[in-house]
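Here's the structure, in structure tokens; my notes come after.
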Amino acid sequence: MVTPEQLASFDDDTTAELARRLEEDDYCTPFDSLKDWHLLRALAIHRPELTLLYHHLVDQEPFDED
């Protein structure tokens, strides 16, 4: 779970580092990648000014699973 304190600790540099990890997709486990993705998504919702350059990494498009 992403905490408000964790979100408040992010700035442009830490957000860029998070995005870099997601773009490189070099994780030991898929769960590590998912953890970062959830964090970036929470930032996009609660602090969108930090994620404007990384919108392509946060899939917020609705889709049909059928």
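The values are calculated or read from the model by the stated rules, or taken from the named source; none is laboratory data. These figures come from a predicted structure and were not determined experimentally. Note that each Cβ is placed from the backbone with ideal geometry, even for glycine, and that neighbours are counted across all protein chains shown.
Just a few scattered comments:
- Candidate set: region 1-37, residues that are among the aromatic types (Phe, Trp, Tyr) and part of a helix (DSSP H, G or I); chosen: the one farthest from LEU52 (Cα to Cα): PHE31
- Test: residue in region 42-59 that is in a loop (DSSP other than H, G, I, E, B) and at pLDDT below 95: yes
- Beta carbons closer than 6 Å, at least 6 apart along the sequence or on distinct chains, pair a first residue in region 30-44 that is surrounded by 15 or more Cβ atoms within 10 Å (Cβ to Cβ) with a second that is among the β-branched types (Val, Ile, Thr) for LEU39/VAL2; LEU40/VAL58; ARG41/VAL58; ALA42/VAL2; LEU43/THR51; ALA44/THR51; ALA44/VAL58.
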